[in-house]
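Below is one structure, written out as structure tokens; comments come after it.
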């Protein structure tokens, strides 16, 4: 018996213990943070050689169908962030960019989903088109528009009847929404308080259901907080934090499950009921190891056709990495330096800033294709410029040092240390090759997302800026094409010194 079938059998045998005792078992299958991973990927963490492949929608469908063939009382939900991560999100399908992903989810047979922050990445208008494509409900209770309507064809909750059981499902998105979504995409969107909304919905539907499920895109910490503060939720299917819970957590009687990210695992929650009362809760994750002998399906044909399109358009080699692009873990990185340099050069600026969380993937030494670069920079962030004087720039760098702001810089060469009273002294402060002039006006480059979150990253609001006819992705791609061979390294651009003078 192969590895994946063993995992499925473990899940099903647990359920059979209860079914033999004339009790009902409801199987809740779940995914989250798929990030457009409709194709399998190499399991880079595996010690074997060659490394096996894992994930993708074809394998996901096969495993789901295997479980459904045994359990009639099964449901399938997604907890958001279907979008962003693969170039398929750039292609229009049925009027929506990324719409093909949701057509695949239609084929797999989802029963409902809640949205994540990255599902807004293209625009609210595009998400409206996506939610018109799906043949399953978009469930999110705490999103409204300025008129208190439902802007993305969302509903607060749904009520299902399956096997004589009444099941209620509601959805919640993170209260941090405005700090996660580009301000252009967040326009006219109102986020209600998650805990208060969950309490209100639970009060409404709990008396009318046997099982109450919350689909959340807020992260494991907020899920645990919700379980503690909101009575009556049986299951929380979570997303956003990419937490791989091989065994669900139980907090205040609520089972909390999350399946990692990138379609590498299928989550399974088992609810065992007697006389419509839950008497047991369990769960697991099933790794989606690839089986090349899977029979062809309508979905697999659709996947293959989309794969050909993406490969044709994104297989172009832009250049070659001579050193790996490894994202910084709370500090400067070679890839961050290169991306911020590309922004500064393309904008003709003195300084550039890049937020760490906008750099989404590491890349090893070797050919750098357009697809690999897209996985590093999957957002449609537009390159912008604004101006600051030298005194403001000095204050910005002090803020970055003091707050350990998660950004990368270009055009700065700074050496600093702390005085005994905790204040910062600059020993070197070079801007675009010349010493800082506090009276000079400097041109700064950054993405439109970064500018919208400028207070968080650099401690100031930016209200007056210009948008260029170029994306960050485009600026970086052009620099790679021009240079051909890339060897970007850590340089100590903002470096703490042991000097005290």
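Checking the conditions here, which among 391, 415 is farther than 21 Å from residue 334 by Cα and surrounded by fewer than 19 Cβ atoms within 10 Å (Cβ to Cβ)?
Numbers: 415 fails: farther than 21 Å from residue 334 by Cα.
After applying the criteria, what remains is 391.
Among residues of segment 401-427 that are within 17 Å of residue 340 (Cβ to Cβ), those with a beta-carbon under 6 Å from a residue that is part of a loop (DSSP other than H, G, I, E, B) at least six positions away or on a different chain give the pairs 409/493; 411/350; 411/432; 412/493.
Do we have any residue at all in segment 298-320 that's in contact with a helix residue (DSSP H, G or I) (Cβ under 9 Å, 6 or more places away or on another chain), in a loop (DSSP other than H, G, I, E, B) and within 22 Å of residue 487 (Cα to Cα)? Checking segment 298-320: at least one residue is in contact with a helix residue (DSSP H, G or I) (Cβ under 9 Å, 6 or more places away or on another chain), in a loop (DSSP other than H, G, I, E, B) and within 22 Å of residue 487 (Cα to Cα).
In segment 283-296, is there at least one residue being more than 27 Å from residue 46 (Cα to Cα) and touching a helix residue (DSSP H, G or I) at 6+ places or on another chain (Cβ under 6 Å)? No, there is no match, as no residue in segment 283-296 is more than 27 Å from residue 46 (Cα to Cα) and touching a helix residue (DSSP H, G or I) at 6+ places or on another chain (Cβ under 6 Å). Residue 450 - would you say it is exposed (fewer than 12 other Cβ atoms within 10 Å of the Cβ) and either closer than 30 Å to residue 317 by Cβ or touching a strand residue (DSSP E or B) at 6+ places or on another chain (Cβ under 6 Å) (or both)? In short, no.
Going through (1) surrounded by 19 or more Cβ atoms within 10 Å (Cβ to Cβ); (2) in contact with a helix residue (DSSP H, G or I) (Cβ under 7 Å, 6 or more places away or on another chain); (3) on the phi > 0 side of the Ramachandran plot one by one, residue 240 falls short only on (2). If you go through segment 202-225 and keep only what is within 26 Å of the chain's Cα centre (by Cα) and either assigned to a helix (DSSP H, G or I) or surrounded by fewer than 18 Cβ atoms within 10 Å (Cβ to Cβ) (or both), you end up with 220, 221, 222, 223, 224, 225.
Taking residue 304, is it surrounded by fewer than 14 Cβ atoms within 10 Å (Cβ to Cβ), at pLDDT below 95 and farther than 26 Å from residue 445 by Cβ? Talk me through it step by step, then tell me what you get.
Details: surrounded by fewer than 14 Cβ atoms within 10 Å (Cβ to Cβ): yes; at pLDDT below 95: no; farther than 26 Å from residue 445 by Cβ: yes.
So residue 304 fails the test.
I'm trying to understand the selection: among the residues of segment 45-70, which are in a loop (DSSP other than H, G, I, E, B) and surrounded by fewer than 19 Cβ atoms within 10 Å (Cβ to Cβ)? Correct list: 45, 46, 47, 48, 49, 50, 51, 52, 69, 70.
Take the conditions over 20 Å from residue 200 (Cα atoms), assigned to a loop (DSSP other than H, G, I, E, B), in the same structural domain as residue 260 (by TED's automatic domain parsing) and at pLDDT 95 or above and apply them to residue 80. Does it pass? Yes, satisfied.
Restricting 319, 283, 328 to those that are touching a strand residue (DSSP E or B) at 6+ places or on another chain (Cβ under 9 Å) and modelled with pLDDT under 95 reduces the list to 328.
The values are calculated or read from the model by the stated rules, or taken from the named source; none is laboratory data. Only a predicted model underlies this, so the values are computations on that prediction, with no experimental measurement involved. Heads up, the Cβs are rebuilt from the backbone with ideal geometry, glycines too, and the neighbour counts pull from every protein chain shown.
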